[in-house]
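In what follows, a single structure is set out as structure tokens and then discussed.
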Amino acid sequence: QLQASGGGLVQAGGSLRLSCAASGIRSNINAMGWYRQAPGKQRELVAVSDSGGATNYADSVKGRFTISRDNAKNTVYLQMNSLKPEDTAVYYCNANIGTFKVNYWGKGTQVTVSS
């Protein structure tokens, strides 16, 4: 189970921090990350961190967002700074787990950035 929190309403230029904790996981977590889906658009990768600490970001968030993990707590964070109205979306936590690389998804948390 993935439980995300930290979404909300913020003005442009503001910051939010998302958290996602994985519970009940019995296999190794290969990667954890964040995706987002804006109204009328496809879900897209925001940022991902693999088990070795390597990270990957969407071009649109590079330099503004930072992903981090606490492996001991099976938790991933997304620090979002300099938020823009186009960052408005439902943000989903993702975990890729086990030998068969199964993807698990959290329920999503709404992030709204007002101009």
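Here is a yes/no grid of residues against (1) under 19 Å from residue 109 (Cα atoms); (2) out of contact with any Phe, Trp or Tyr (no Cβ under 8 Å at 6 or more places or on another chain); (3) not hydroxyl-bearing (Ser, Thr, Tyr):
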{"site": "31", "(1), (2), (3)": "no, yes, yes"}
{"site": "48", "(1), (2), (3)": "yes, no, yes"}
{"site": "61", "(1), (2), (3)": "yes, yes, yes"}
{"site": "65", "(1), (2), (3)": "yes, no, yes"}
{"site": "68", "(1), (2), (3)": "yes, no, no"}
{"site": "76", "(1), (2), (3)": "yes, no, yes"}
{"site": "82", "(1), (2), (3)": "yes, yes, no"}
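The single condition among (1) open to solvent by less than 60 Å² (accessible area, probe 1.4 Å); (2) among the hydrophobic types (A, V, I, L, M, F, W, C); (3) at pLDDT 95 or above that residue 4 does not meet is (3). Considering every residue within the stretch 39-58, establish whether at least one is surrounded by 13 or more Cβ atoms within 10 Å (Cβ to Cβ), among the polar types (S, T, N, Q) and not in a strand (DSSP E or B). Yes, that holds for at least one residue. Just for the stretch 11-29: of the residues that are open to solvent by 60 Å² or more (accessible area, probe 1.4 Å) and assigned to a strand (DSSP E or B), which one is nearest to residue 77 (Cα to Cα)? In this case the residue turns out to be 17. Scanning the stretch 42-64 for residues that are in contact (Cβ under 8 Å) with a residue 24 or more places away in the chain and farther than 19 Å from residue 4 by Cβ yields a total of 1.
Annotation note: Cβ proximity below 8 Å between a residue of the stretch 13-35 that is farther than 16 Å from residue 81 by Cβ and without any contact (Cβ under 8 Å) to a residue 60 or more places away in the chain and a residue that is open to solvent by less than 60 Å² (accessible area, probe 1.4 Å) and part of a loop (DSSP other than H, G, I, E, B) (sequence gap 6+ or interchain) occurs for 21/74; 23/74. Counting only residues that are under 17 Å from residue 44 (Cα atoms), within 14 Å of the chain's Cα centre (by Cα) and not charged (D, E, K, R), the stretch 78-100 holds 11 of them. A residue that is in contact with a Ser or Thr (Cβ under 9 Å, 6 or more places away or on another chain) and under 28 Å from residue 114 (Cα atoms) occurs somewhere in the stretch 20-28.
The values are calculated or read from the model by the stated rules, or taken from the named source; none is laboratory data. Note that the coordinates shown come from a computational prediction; the quantities given were computed from them, not determined experimentally. Cβ coordinates were reconstructed from backbone atoms using ideal geometry, including for glycine residues, and neighbour counts include every protein chain displayed. Surface accessibility is based on the protein's heavy atoms, side chains included, excluding ligands, DNA and RNA. Shrake-Rupley method; radii C 1.70, N 1.55, O 1.52, S 1.80 Å.
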